[in-house]
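All remarks here apply to the structure that follows.
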Amino acid sequence: MVDLILASASEARRRMLVAAGVQITLSPSRLDEDGLRQALAHDGASPRDMADALAEMKARKAADRHPGAVVLGSDQILEFEGAVLCKTETHHAARAQLTSLRGKTHTLWAAAVIYHRQQPIWRTMGEARLTMRNFSDAYLDAYLDRNWPDVAGSVGAYHIEGEGARLFSAISGDHFTILGLPIIPVLGYLSDRGFITT
């Protein structure tokens with residue numbers, strides 16, 4: 001069996017893979033993601049294409065450090081009304097972002113790119129559309145008081161697997177995409193190639 005590397009520091013992605021019985025080593029790729037997103041937007045890249053490009057950049061960088069390994073790079077982008085929203089760094093910014101999303105629908109794109117022997121060999125994209133309830137200001141404040149700073153590392157400032165589920169009236173698409181990794185096709189590819197046992 002080859003070594004499997006996750007080119008990410010995401011605890012959520014690591015937990016998903018470990019829960020699925022995949023032994024994986026974390027080797028985060030350090031990128032200026034904000035700068036790269038801005039450059040990609042300047043070049044006319046769609047949010048979907050941004051997720052794919054960032055996932056590939058992460059995988060490529062880690063593959064250079066682990067030339068014999070199978071490397072998984074992944075990225076998630078939140079698209080809202082044609083714009084890309086990023087992780088919020090303050091309680092105030094999270095409140096403003098959730099207020100703008102309230103009562104409306106946004107899209108999460110989650111890309112995965114696999115490198116082997118320093119070459120890209122496979123990619124996939126997950127999409128989920130989420131509609132938020134028209135929750136009250138009082139509930140929003142109480143939600144953030146209970147969940148900040150835990151949700152600070154999550155684009156959208158919510159964890160769908162926790163109290164964040166109460167923010168939504170409708171969700172369509174892959175649950176794992178919402179968590180940040182379209183894991184079902186990833187596991188299928190790894191199994192088909194013999195990189196993990198089936």
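The values are calculated or read from the model by the stated rules, or taken from the named source; none is laboratory data. Since the structure is predicted, the reported quantities are computational estimates derived from the model, not experimental observations. Don't worry about glycine lacking a Cβ; one is built from the backbone with ideal geometry, like all the others, and counts go over all protein chains shown. Ligands, DNA and RNA are stripped out before the accessible areas are found, and what is left, the full protein with its side chains, is counted by its heavy atoms. Shrake-Rupley method; radii C 1.70, N 1.55, O 1.52, S 1.80 Å.
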Inset, instruction - For segment 38-47, state whether one or more residues are open to solvent by 60 Å² or more (accessible area, probe 1.4 Å) and touching a Cys at 6+ places or on another chain (Cβ under 8 Å). - result: no
Inset, instruction - For Ala157, work out the one condition from (1) farther than 23 Å from Glu81 by Cβ; (2) among the hydrophobic types (A, V, I, L, M, F, W, C); (3) in contact with a Ser or Thr (Cβ under 8 Å, 6 or more places away or on another chain); (4) in a loop (DSSP other than H, G, I, E, B) it doesn't fulfil. - result: (1)
Inset, instruction - Could you run through segment 81-137 and say how many residues are over 19 Å from the mean Cα position of the chain (by Cα), of a type in the set (Lys, Arg) and not in a loop (DSSP other than H, G, I, E, B)? - result: 1
Legend entry - Subset of segment 122-148 (residues that are open to solvent by 50 Å² or more (accessible area, probe 1.4 Å) and touching a residue at least 40 places away in the same chain (Cβ under 8 Å)): Trp122, Arg123, Glu127, Arg129, Asp141, Trp148
Legend entry - Members of segment 1-16 that are in a loop (DSSP other than H, G, I, E, B) and either over 15 Å from the mean Cα position of the chain (by Cα) or modelled with pLDDT of 95 or more (or both): Met1, Val2, Asp3, Ala7
Legend entry - Candidates Ala93, Ala111, Ala152, filtered to the one that is in contact with a Pro (Cβ under 9 Å, 6 or more places away or on another chain) and either of a type in the set (Lys, Arg) or surrounded by 12 or more Cβ atoms within 10 Å (Cβ to Cβ) (or both): Ala111
Legend entry - Which listed residue is of a type in the set (Val, Ile, Thr), modelled with pLDDT under 95 and farther than 30 Å from Tyr189 by Cα, from Thr99, Thr88: Thr88
Inset, instruction - Considering each residue of segment 177-198, count those that are closer than 19 Å to Gln23 by Cβ, in a helix (DSSP H, G or I) and of a type in the set (A, V, I, L, M, F, W, C), and give that number. - result: 5
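Can you tell me which residue within segment 167-198, out of those that are among the small types (Gly, Ala, Ser) and under 13 Å from His106 (Cα atoms), is surrounded by the most Cβ atoms within 10 Å (Cβ to Cβ)?
Gly173
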Legend entry - segment 138-190: number of residues that are within 19 Å of Thr88 (Cβ to Cβ) and of a type in the set (Ser, Thr, Tyr): 4
Inset, instruction - Check segment 22-34 and report whether any residue there is assigned to a loop (DSSP other than H, G, I, E, B), in contact with a strand residue (DSSP E or B) (Cβ under 6 Å, 6 or more places away or on another chain), among the β-branched types (Val, Ile, Thr) and open to solvent by 10 Å² or more (accessible area, probe 1.4 Å). - result: yes
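Those residues that are under 13 Å from the mean Cα position of the chain (by Cα) and either modelled with pLDDT of 95 or more or of a type in the set (Gly, Ala, Ser) (or both), I need them from segment 17-52; list them, please. If you could, list the steps in order and put the result at the bottom.
As a first pass, look at segment 17-52 and keep what is under 13 Å from the mean Cα position of the chain (by Cα): 33, 47-48, 50-52.
Those that are under 13 Å from the mean Cα position of the chain (by Cα) and either modelled with pLDDT of 95 or more or of a type in the set (Gly, Ala, Ser) (or both): Pro47, Arg48, Met50, Ala51, Asp52.
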Legend entry - Conditions (1) open to solvent by less than 30 Å² (accessible area, probe 1.4 Å); (2) assigned to a strand (DSSP E or B); (3) within 15 Å of Val113 (Cα to Cα); number of the one not met by Gln76: (1)
Inset, instruction - Test each condition in (1) open to solvent by less than 10 Å² (accessible area, probe 1.4 Å); (2) under 19 Å from Asp174 (Cβ atoms) for Met16 and report the one that comes out false. - result: (1)
